[in-house]
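Asks: If you scroll down you'll find the structure; I have some questions about it.
The values are calculated or read from the model by the stated rules, or taken from the named source; none is laboratory data. The model shown is predicted, which means the values in this text are computed figures rather than measured ones. Positions of Cβ are generated from backbone atoms using ideal geometry, with glycine treated the same way; all protein chains shown enter the neighbour counts.
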Amino acid sequence: MFDAETTALLRTVLEEVCENISVFETGARTHVASKILEAAANGRLSIDDLKAAGHNALNAPTMWR
């Protein structure tokens with residue numbers, strides 16, 4: 001479990017990465033969120049690392065597209 005400050009950071013990064021994705025595209029947003037969380041769980045907590053994880057999730061060929 002992450003502390004409140006880290007949780008706020010994760011939410012901010014998610015919203016920034018997904019700024020051009022509709023809130024109704026839950027599959028895409030969920031995929032991005034899971035990759036950001038995965039990065040954080042692996043100790044990659046810098047803003048740049050978290051954004052990179054999110055952008056990589058958007059650019060990777062996946063089933064949700």
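Asks: In the list Leu9, Leu37, which residue meets the criterion of being at pLDDT 95 or above and within 8 Å of the chain's Cα centre (by Cα)?
Replies: Testing whether each residue is at pLDDT 95 or above and within 8 Å of the chain's Cα centre (by Cα) leaves just Leu37.
Asks: For the chain, which fully contained helices (runs of 4 or more DSSP H) count at least 3 residues that are among the small types (Gly, Ala, Ser) and surrounded by 14 or more Cβ atoms within 10 Å (Cβ to Cβ)?
Replies: Details: elements: 4-17, 26-41, 47-59.
So the answer is 26-41, 47-59.
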